[in-house]
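Single-structure report; data block below.
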Amino acid sequence: MGRIIATIILIGGIAAIGWVAFGGSDETAQAVATEAADPNAAADAETAEQPAPTATPEPIEEPENYGPRMDLVDIDGWLQTDATSIDDFNGQVLLVEMWTFGCFNCKARIPHNQSYYEEFGDENFEILGVHAPEFSFEADLANIEEALDRLDVTWPQALDMEKKNFRAWQPGSTNYWPRTYVIDQNGDIRYDHIGEGRYEELRETIRFLIENPPEPRPAT
């Protein structure tokens with residue numbers, strides 16, 4: 001086997017020398033010698049030049065409409081925004097998340113929210129955290145501000161210290177941290193999820209609403 005390879009290399013070298021002697025370029029001679037030394041080189045190059053197949057995206061189904069969102073009332077302050085009302089976000093696709101910084105499941109959602117913010121932040125999209133503390137240390141403003149910085153939560157926050165909105169938006173005997181909603185440009189809820197998970201479904205909901213805004217409601 002070694003003798004065969006040596007013979008191939010020798011023939012390639014002789015061919016290269018002959019090419020130069022009869023006016024061929026050094027670059028072409030080098031290519032001939034390389035292919036002789038590695039018979040698979042040309043095949044590998046040809047394979048590498050083939051375009052990679054592209055996946056055809058699946059069509060996105062229109063998200064269900066759960067009806068108009070509620071207001072946020074008696075908010076105890078706003079952080080990381082000039083807004084003073086949820087109405088200031090009207091006309092945008094708005095992700096509203098009920099959360100508190102000490103909640104493990106809430107913190108698990110943060111990297112996904114960060115990815116939505118990075119992907120859609122320049123496309124009429126906003127996130128609004130409604131911070132509703134579970135324990136007293138989570139109601140301390142300095143602790144909230146420190147946690148926002150430490151967790152890299154950069155989107156607007158409405159402070160719901162008495163959990164009035166946290167409870168009003170979740171009627172019934174059980175309320176959840178976290179609970180995530182997506183509000184469309186008309187103020188209707190188009191996504192509602194408790195806890196972790198369904199991250200890609202949420203991403204596709206945001207994308208659909210940005211690309212397919214609902215017809216504006218007639219002025220009343």
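The values are calculated or read from the model by the stated rules, or taken from the named source; none is laboratory data. Just so it is clear, the model here is predicted, and its values are computed rather than measured. Every residue, glycine as well, gets a Cβ built from its backbone with ideal geometry; the counts of neighbours run over all protein chains shown.
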Considering only residues that are crowded, with 17+ Cβ neighbours inside 10 Å and not β-branched (Val, Ile, Thr), which ones fall in the range 84-106?
89, 92, 94, 95, 97, 98, 99, 101, 103, 106
Looking for something at pLDDT 70 or above, in a helix (DSSP H, G or I) and under 20 Å from residue 162 (Cβ atoms) - is there at least one such residue anywhere in the range 92-103?
no
Does residue 144 count as in contact (Cβ under 8 Å) with a residue 12 or more places away in the chain and buried (at least 20 other Cβ atoms within 10 Å of the Cβ)?
yes
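Among the candidates 147, 108, single out the residue that is part of a helix (DSSP H, G or I), of a type in the set (Gly, Ala, Ser) and either under 16 Å from the mean Cα position of the chain (by Cα) or modelled with pLDDT under 95 (or both).
Within the list 147, 108, the selection yields 108.
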How many residues of the range 182-198 are within 15 Å of residue 124 (Cα to Cα) and part of a strand (DSSP E or B)? The answer is 2
From the list 130, 93, which residue is over 20 Å from residue 168 (Cα atoms), touching a strand residue (DSSP E or B) at 6+ places or on another chain (Cβ under 8 Å) and not aromatic (Phe, Trp, Tyr)?
93
Filtered residue count, the range 155-183, keeping only those that are on the phi > 0 side of the Ramachandran plot and surrounded by 21 or more Cβ atoms within 10 Å (Cβ to Cβ):
0
Of the residues in the range 107-133, how many are charged (D, E, K, R), surrounded by 16 or more Cβ atoms within 10 Å (Cβ to Cβ) and more than 20 Å from residue 190 (Cα to Cα)?
1
Which of the residues belonging to the range 115-144 are farther than 21 Å from residue 199 by Cβ and part of a helix (DSSP H, G or I)?
136, 137, 138, 139, 141, 142, 143, 144
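Let's see how each residue does on (1) polar (S, T, N, Q); (2) part of a loop (DSSP other than H, G, I, E, B); (3) touching a Pro at 6+ places or on another chain (Cβ under 9 Å):
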| site | (1), (2), (3) |
| --- | --- |
| 165 | yes, no, no |
| 172 | no, yes, no |
| 180 | yes, no, no |
| 200 | no, no, no |
